[in-house]
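Participant: Here it is, the structure in full.
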Amino acid sequence: MPLPATDSLSATFAALADPTRRAILARLAHGESPVGDLVKPFPISAPAISRHLRVLESAGLIERKVDAQWRICRLHAPGLRRANDWLSQYRAFWDDSLDRLVEVLEGPAATDPVPATPPHVAAEPPPASPPHERPPADARTRELQPAHRHPRKKS
């Protein structure tokens, strides 16, 4: 059953689906930043960045505040925590799966010695076939020609 569009977790993951918005969040992870500084690394217009910021803000991933003429953005922890909490149940699944894989790989069968091949066998290339075993060129072309030819009718 599809989730309603107003579901906060859906809004969070919809916001995270865009690579530009993820890049903005990565920049804000280093600390708050004015909107003008967030625009600089992207080859898109300031209004486009503003739309991305609105999506991030409505998803609860960032906060924006006005400080005189500056528009400052910073990460909003509760929005990120929602996504992290939801993902953590799957993180436990993968941790358990990887632990079982390690047990299988490091189990008693994994400690049995593998028969080693002698070093000279692995290092030597296969012997080349002697040149005299190859049929002469004219014999090879005869093999390609049909064994029986029908005579052409003369008109």
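Participant: For region 38-65, enumerate the residues that are surrounded by fewer than 19 Cβ atoms within 10 Å (Cβ to Cβ), in a loop (DSSP other than H, G, I, E, B) and of a type outside the set (Gly, Ala, Ser).
Facilitator: Lys40, Pro41, Phe42, Pro43, Ile44
Participant: If we scan region 90-108, do we find a residue that is within 22 Å of Leu25 (Cβ to Cβ), at pLDDT 60 or above, in a helix (DSSP H, G or I) and more than 26 Å from the chain's Cα centre (by Cα)? Quick ask: steps written out before the conclusion?
Facilitator: Taking region 90-108 as the starting set, the residues that turn out to be within 22 Å of Leu25 (Cβ to Cβ) are 90-91.
Filter once more, keeping what is at pLDDT 60 or above: 90-91.
In the following step, the residues that additionally are in a helix (DSSP H, G or I) were identified as 90-91.
Filter once more, keeping what is more than 26 Å from the chain's Cα centre (by Cα): none.
No, there is no match, as no residue in region 90-108 is within 22 Å of Leu25 (Cβ to Cβ), at pLDDT 60 or above, in a helix (DSSP H, G or I) and more than 26 Å from the chain's Cα centre (by Cα).
Participant: Does Val35 count as touching a Cys at 6+ places or on another chain (Cβ under 8 Å) and either without any contact (Cβ under 8 Å) to a residue 40 or more places away in the chain or surrounded by 14 or more Cβ atoms within 10 Å (Cβ to Cβ) (or both)?
Facilitator: Details: touching a Cys at 6+ places or on another chain (Cβ under 8 Å): yes; either without any contact (Cβ under 8 Å) to a residue 40 or more places away in the chain or surrounded by 14 or more Cβ atoms within 10 Å (Cβ to Cβ) (or both): yes.
So Val35 fits the description; yes.
The values are calculated or read from the model by the stated rules, or taken from the named source; none is laboratory data. Predicted model only: the values in this text are computed from it and were never measured. In this analysis, Cβ positions are derived from the backbone assuming ideal geometry, glycine residues included, and neighbour counts consider all displayed protein chains.
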